[in-house]
Amino acid sequence: MNKILTGVNLSWKLLSGNRVVIAEKLPLLAQDATVRTITGLVTDNTGAPLENVSVVIKGTSAGVVTSATGRFSINANEGDVLVFSRIGYQEQEITVGAQDTIELVLQAAQGSLTEVIVVGYGVQKKGSLTGALQTVTGNQLRDITTPSVENMLNGKVSGAFVAPGSGRPGSRGAVVIRGQATLSGTTSPLWVIDGVIVGSGAGDLNPDDIETMTILKDAASTAIYGSQGANGVVVVTTKKQGPAKQV
């Protein structure tokens, strides 16, 4: 049989009862002898473990992701290239050699994360807020003598108009931020004091309690407050009381 099958990709085997089985020869996979289980740890540059980092054998679809502790385990051949990637981090490649463990530090990708600012009930991209808000400190507000917070804004914020009151002592001015947005409704902005919506006026807020006052003027920032923010939003942050001094 060996002479008969010389030069062809066939092999034979003698079974019981003088039965002969002829089959195609299977190719020898040399790389099978070098398959090993690679374990490792992926962290960021602060040493914190990174979860959901994709670890893929380059050129294949075989891969795993790191656990909540940043660890992974993958079967790979010697010479395979492992590709480590995650959104917001630079992709890195490591060639499998004689090592059984890999410890890798992924570097954050410069400029890949968009800076966000927390406003109201959510977050906004910083670019959306550029030129859309203006903050006035309490010291800047108290350069005039008036008991009305609304009157203190007069001339302090671009794009905000404070209409004069009746002229009587203690009368309040009317703040208009985004212009005449209605024919019959109010043009007053929404007032939010320490995260609490108080309505279309500052009420009896003491000017000396104000730390900062932020005026939100565009739709991108005021939309988080719904239709209440159609005329703009005035966000007031009051001073925080420190711990009482012991006498």
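Each residue in segment 65-93 was checked for being loosely packed, with under 15 Cβ neighbours inside 10 Å, of a type in the set (A, V, I, L, M) and in a strand (DSSP E or B), and 2 of them qualify.
Looking only at segment 226-241, residues that are modelled with pLDDT under 80 and in contact with a Phe, Trp or Tyr (Cβ under 8 Å, 6 or more places away or on another chain) come to 0 in all. Scanning segment 123-139 finds no residues that are farther than 19 Å from Thr237 by Cβ and either outside the structural domain of Asp194 (by TED's automatic domain parsing) or modelled with pLDDT of 75 or more (or both). The requirement of being at pLDDT 70 or above, in contact with a strand residue (DSSP E or B) (Cβ under 7 Å, 6 or more places away or on another chain) and not polar (S, T, N, Q) is not satisfied by Arg19. In segment 171-188, is there at least one residue being modelled with pLDDT of 75 or more, crowded, with 18+ Cβ neighbours inside 10 Å, within 33 Å of the chain's Cα centre (by Cα) and more than 17 Å from Ile210 (Cβ to Cβ)? Checked segment 171-188: at least one residue is modelled with pLDDT of 75 or more, crowded, with 18+ Cβ neighbours inside 10 Å, within 33 Å of the chain's Cα centre (by Cα) and more than 17 Å from Ile210 (Cβ to Cβ).
Each residue in segment 94-113 was checked for being modelled with pLDDT under 75 and surrounded by 10 or more Cβ atoms within 10 Å (Cβ to Cβ), and 2 pass.
The values are calculated or read from the model by the stated rules, or taken from the named source; none is laboratory data. Predicted model only: the values in this text are computed from it and were never measured. Quick reminder, even Gly has a Cβ in these numbers, built from the backbone with ideal geometry, and neighbours come from all protein chains shown.
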